[in-house]
Each structure stands twice: as structure tokens, then as C-alpha cells.
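What follows is a single structure, written as C-alpha cells, with notes after it.
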Amino acid sequence: MQCHKASEWMSLQLDGLLSPKEALALEQHVETCDDCWLEWQQLRAVSVLFEQVALEPAPAEFTAQVMARVRRRSRWLSFVRGVALMLLGLAILLAVAWAPLAALSGIFSESPAVLRALVSLVTSVANLVGTFFSAIRLVLWSLFGGYGGLVLAGCVVLVMLLAVPWVKLVARASALHMQMGVRGGA
Amino acid sequence: MQRRDAAQRDGRLGRVGDSREEQAWALRAQRGDREAFAQLVEAYKGPVYNLAYRMLGDSGAAEDAAQETFLRAYTRLSSYDPSRKFSSWILSIASHYCIDRLRRRRGRNVSMEEIQSSRWIPDERPEPEQEILGTERGRAIQAVLDQLPPQYREVIVLRYWQELSYVEMAELTRSTESAIKSRLHRARQMVAALLAEQGGGLSFQERDQRREAQNAVSQSF
């Protein structure tokens, strides 16, 4: 047996992975080879040394501390997810409210003031609450602008009426979602 | 929990048994049951803390690392595959975190080239009194561990404190069985060499005399 191989086998022997035949071969080699005998003694002693060292116990309040941090992080995550979902919801609502506005743009050319409100609507996308109120203002204004405005008003009002239950639904679904745990990011 | 307490009293905790109870907790925790997660923390705080301590060598750092491990586990619960053992999963998180920390630490790690061939010949039968000095020995061991490069330290810790098999270690460290085999062997050799650097040893003459006596007495296999 080569010393190199014997050396590898020593490690395996320490982990109980040699067959009896292999163990015997190793033993025979070690008895005849000084260097390997030395190495075997050393490796075995290292193993014994490690086996004698006890486990370090975790600190006393460990579980309590971890759970406190878990609660904090969980609250933060819920908050972030909630805000993200709300923003997404409002963005979708805005897009839905936008469609009739875009479709009826012909009427707006007759009323430049309405067009100006439209532009402000676009520019304030970042402030979605603001744009929502802009839509309401638009409705009120367009009501005085003729039947085209009424159609527009009808669309926007309908969307807003649907918005409330929709947001509630999303909120409940996301709460349930978080409770169930997200599997695969569904 | 009684089984584990008994094991801890013995001074060693082998693997935490992945009982059906614990797997049930894991599933409930995945569904958002925080109490179940707390049970898991309680069950695995020992192994996780110990792994962190042996890897990082410092109780403060170990506590941080152990807490962070459980936090990561909590946020990643959705990615835990219930068909796997929870212990492997949580230990793998702990191990990877510790390795990352070690790599970012500035500090001297012993390289293979620096380790000389050793002159140290250990005692065949250590005196009983020496075994009782657990803390002393523990600290000495930790000092040696602290000098090993991260990946070698990892396999030693997993083998001797978590008592994982090669297969389990390979899975946990995301490498192969043969890589683990050679890494563990290397690690043992490095520890032997480090101990030789630190301590004295017998002269060659004494070694030969001892060997004579030994051949006449016991089997080492």
C-alpha cells in the first residue's frame, strides 16, 4: 500500500468507513511504516481531542430574543408588502379610469380646461391619492361640460365605486396570502 | 425535549433528532404559526449556536450569527422543502452565514504551505484528570480551530459537533462526497500540524521506545 493511500484511509478509518479487510490492510501498513505510524497516532489523537470537547450551550434568553426580532421583522415585511400591494392596486385603478378618459379625448379638445386637468392627472401619477382626487374633480367639472362629460363622469364614478370593495378584497387576500405563506411566490 | 436535555447533560449533543414532532412544527411554521417557529428555535438553538461558536470563535459573534440564522430561516420558510430534514436546512443556513462572515474578516488564515510537517507525538492514553479540564481544552481547541481556513473549519465542526455523515455534509455544503472526504482529511492533518507547532513532543528515541511498548500491548484498530 502506498503511504499516500494509507493516509487517506486513516481519515476514513476515523469515520468508520473502512471495511474490515481494508482496516486490516491499513493496520499492517502502519505497523511497518514509521512515518505512517506517526501520522496515524496524530490523526487519531486529533479525533479523540475533538470528541472530548463539549457543546457550547446557547445563551439563556436566546429564543425570546429571536422571537422578538422575528416579530419586528414580520411587522416590517407586512407593512412593505401592504404598501406595495396598495400601490399596485391603485395603479391598476388609475389605468382603468384612464381608458374612458383617453377614449373620449375628442370631447376634451373643446374644453381646454379639462385637458389641463388631464395633464395634471398624468403628471401626478406618483401621488396616487392626489390623482384620485383629481379624477373626482374632473368628474365634477365635466358634468357641466355636456353629455360627453356625463359619460365620462359615469365611467369614473363607476370605477371609484368598484374601487372600495376591490381594495378590501385585495387587502383580505393579501392577509390570507401572508398567513398561508408564500409558496413559490404565488 | 427530555431526550435532548439528557444528551446535553452528557456534554455532547449529537444530531437533533428530526422527530415527526419537529417536522410538524416546521410545516405549521410555514403556514404562519409563529408559536411553532418558536418551538423550532428552542429545539435547534443548541446546534446552531454551537456551530456558530466553533466557526467564529467568539461568543458575541456566535450569538449574532445564530440569531441571524433563525431570522433568515423565518423569512425563507417558504423555500424550505418539507421532505428535507429541518436540521440540515437550518444548519446549512448557519454554516453559509458563518463562512461568509469568516471570509469578510480581515485576519490571518493559515495556508497549506505554511504548515510544516509535524514533530508532535501525542499521548497514547491521556490522563483522566486532563479530560475533566473541559474548559481549558475547549479553549485550546477553539484556538486551533480559529486558525483553520473556513472550509476546513466547517467540516471539522460538522463532523465532530453535528456528527453528520459525508453525504449529509456534502449536501449541506453543496459539494461532493469526495470533496468532503479530502477536505476532512486535510483538516485533520492541519490540526495535527498546528498542535505540533504549539506543543512539545517526544524525541524520536522516545517515540521508538514507546512504540515498542505499544506493539506489545494494545491494538489501535
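No value in this document is a laboratory result; all are computed from the given coordinates. Since the model is a prediction, treat every value here as computed from it, not as a measurement. Because the Cβ atoms are built from the backbone with ideal geometry, glycine has one as well, and the counts that use them run over all protein chains shown.
At-a-glance table
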{"item": "Per-residue average of Cβ from other chains inside 10 Å of B:31-37", "result": "3"}
{"item": "Whether the range B:26-82 is rounded, prolate or oblate, judged on the alpha carbon gyration tensor where a/c under 1.5 counts as rounded", "result": "prolate"}
{"item": "Relative packing of B:82-91, A:20-29, which averages over residues the other C-beta atoms within 10 Å, highest first", "result": "B:82-91, A:20-29"}
{"item": "For residues of A:29-42, the mean tally of beta carbons on other chains within 10 Å", "result": "4"}
{"item": "Proximal lysines to residue B:85, defined as alpha-carbon separation beneath 26 angstrom and excluding residues fewer than eight positions away on the same chain", "result": "B:45, B:181"}
{"item": "Other protein chain Cβ atoms within 10 Å, averaged over every residue that makes up B:185-196", "result": "5"}
